[in-house]
Amino acid sequence: MILKRVYTFVTGFLLVTLLVMVPGGTAAAKRASIRVTGSTTVLPVAARAARSFMAAHPDVRITVNPGGSGMGVKSTGRGLADIGMVSREITDKERALFKDVDFNVMVFARDAVACVVSSEVYEGGVKRLTREEIKGIYSGTIKNWKEVGGPDRDIFVIDKEAHRGTRHVFMEYVFGEKTPAARGADLVSGANNEEQTKVSQSNSAIGMLSIAWINKDVRGMAIAENGKTIMPTKDNIINGSYPISRDLTFITNGPPQGVVKDFLDYIMSVQGRKIIKDSGYVPLK
Amino acid sequence: MFHLNKDRAAGIVLGTSFLITMALALFILAFLLAESLPVLREEGLSFITGQVWYVAGDIYGALPMIYGTLAVTLLALIIALPLGIGSAVITSEILTGRTRHIVKSLMEMLAAIPGVVYGLIGIALLTTSVRDLFGLMDGNTIFTAGLLLGIMILPTIMTLSDDAMRSLPGELRAQGRVLGLSHGQTIRRVVLPGSIKGITGAVLLGVSRAMGETISVMLVIGSLDRLPTPIYNVFTSGQSITSKLGREGAEGLGLGLQWSALAGLGLMLFISVMALTFTGNIIRGGVRPKKSKNHEVTG
């Protein structure tokens, strides 16, 4: 009983203190701050750039948070972020939600989305897929890897959260629309590192990932199209032959100004381009 | 200077904090209600019975999430109930002195571990173990989430049940023995029936923790908004209300029908958890420590 009273007292006390202190606290912050949020594909670039930018500008504080492209668009639209990281186009629905917001889109790199599989599937003989095969797998009509020349194992189909940029771009190629329902899905993942983990933990998974996230456990499929086999590589992004490619963008509400503009300019500078390259993407010419 | 009586001062402070707490709870309820009105108007009953959650088409059916929450909670209960009460019997009735103290503190410590830690352990060990043990394609399933929750609420159920059993007057046990009951019989016929209120309360509090737990469930449940086929197949991916909120809350971000639908999910969860906690506390209200009487008998 006594403990409970003490507990209630402490809770009440803390609440009151909080209410009193919050307005005073913010006045102390003097440094300029930039809030960046959104796509986990863009995140490595933003995080690395933020680190070196802050080293050169100690008076600027940049926080970079993941959440997906959808969150990047909405946070920027609502004024909760200064810069949104977006790895797809802003949808009509999103534009309709923010009629009064003038989204300024800055394209900084090209990337490709690969159809990825567990290494066991790749080594089991599946090294390329056609658009129709991927569509069959994601709609649930193709259920076993042997139907596409692989081992006799059920396909474990990994989908992504509907607002994710990677999913929009991938599905647009496979289904011809950005947000189809994938009836064949067995699991839904979110951020790129989550998708990467789930594919590598399985021995029969298929998923979708930016090519920068491919590794020895998570292998990128070549796309078979019109008698040609096109690998998901940087070269094929540059020469335009790989069919599932996209722009990586930073968006702002209106043209960027002040430190936000300085930071975005830095990303487009020589140092920024090196960061983009090191992150596995193709900087714009 | 101050003529304010100490008791009165304490009364004012406690009263104020009580009012703040109540106001907060009411505010949350009112907020969720107001925010979920649009989706209730748009979807009507199909918000609860609908099986399709398709943000792009603004269709919001929460049945898979409701099912997921009920399924993981039930699974957690099936796992934690016998184990929790069993170990409470051991700490309360069998262990004594130092050993009891150590085991009990250990359990209380387990109860305080944050959900995300369980979730990380779940991702690292549980999903793959469940997959291999049951020969599944993947270990991110409703069952895995239920199992993890069962482990998480076990300490809560155990320590609160232990409290309930310990609060029984020692003389009851003595009377049992005088009547010729063995130790085991005393536990079955005297201790368990006598502390049933406290145990029920403990279980309800455990259940409400299970229902509200988010991050650990989100990390292992698979996050697929679909009812399993057949419906009792918990060895497939699913979605609970909390994992859905965790996945989409930040993206929904206060806008449009999607946000309203998420608020609607929150409302369902809030009402259920509040009801369970409230009932749990009322039932447990009858339980009061009676240590002095214990001393009379043992001392």
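Figures for the structure shown
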item	result
Relative contact order %, chain B, counting alpha carbon pairs below 8 Å whose residues are six or more apart	26 percent
GluC sites (Glu not before Pro) within the range B:18-90: DSSP coil, no more than 10 neighbouring Cβ in 10 Å	none
Span-like helix ranges in chain B, DSSP H, alpha carbon extent 18 angstrom or more, Kyte mean at least 1.0	B:6-43, B:63-89, B:142-166, B:196-212, B:256-284
For the range A:83-207: Kirkwood Rh in Å [reciprocal of mean 1/r, alpha carbons]	15.7 Å
Selection from A:Phe103, A:Ala55, A:Ile134, by position along the positive dipole direction of the range A:26-182 (Cβ)	A:Ala55
Amide hydrogen neighbours beyond the local backbone of A:Asn65, cut-off 5 Å, H modeled	A:Val36, A:Thr37, A:Gly38
DSSP bridge orientation in the protein assembly as shown - percent antiparallel, rounded to nearest 5	60 percent
Amide H contacts under 5 Å for A:Phe103, placed H, 5+ residues apart	A:Gly254
Gain in span if fully extended, A:Glu225 to A:Ala32, counting 0.36 nm per residue against the direct Cα distance	64.5 nm
Label-point separation in nm, B:Val116 to A:Asp217, each point 7 Å along Cα→Cβ	2.2 nm
Taking the range A:177-285 and dividing mean pair separation by its residue count, relative contact order in percent (alpha carbons under 8 Å, at least six apart)	16 percent
Loop-located trypsin sites (Lys or Arg not before Pro) in the range A:176-240 whose Cβ has at most 11 other Cβ within 10 Å (DSSP)	A:Lys216
Per-selection Rg to Rh, the range B:64-298 - Cα, Kirkwood hydrodynamic radius	1.06
Area accessible to solvent at B:Trp259, 1.4 Å probe radius, in Å²	60 Å²
Diffusion coefficient, µm² s⁻¹, Stokes-Einstein with Kirkwood Rh over alpha-carbon pairs of the protein assembly as shown at 37 °C and 0.692 mPa s	121 µm²/s
Cα-centre dipole for the range A:111-245 with unit charges at Cβ (Lys and Arg positive, Asp and Glu negative), debye to 20	140 debye
Accessible area of A:His168 in the full protein assembly, 1.4 Å probe (Å², nearest 10)	10 Å²
Relative contact order computed over the range A:111-245 (Cα-Cα under 8 Å; 6+ residues apart), in percent	38 percent
Positive-end residue, the range A:111-245 charge dipole about Cα centroid, Cβ charges, pick of A:Asn192, A:Tyr173, A:Pro151	A:Tyr173
Charge sum, other residues only, whose C-beta stays under 11 Å from A:Asp159's C-beta, Lys/Arg counted +1 and Asp/Glu -1	+2
Ratio Rg/Rh [Cα only; Rh per Kirkwood] for the range B:58-143	1.10
Trypsin sites (Lys or Arg not before Pro) restricted to the range A:91-134 and DSSP loop, no more than 13 other C-beta within 10 Å	A:Lys99
Amide H within-cut-off set for B:Arg226, under 5 Å, with H built and near neighbours excluded	B:Gln239
Unit charges on C-beta of K, R, D, E only; dipole of chain A, Debye	620 debye
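The values are calculated or read from the model by the stated rules, or taken from the named source; none is laboratory data. Keep in mind that this is a model prediction, so the values were computed, not measured. Backbone-built Cβ (ideal geometry, glycine too); neighbour counts: all protein chains shown. Remember, those area values only see protein heavy atoms, side chains included, never the ligands or the DNA or RNA. Shrake-Rupley method; radii C 1.70, N 1.55, O 1.52, S 1.80 Å.
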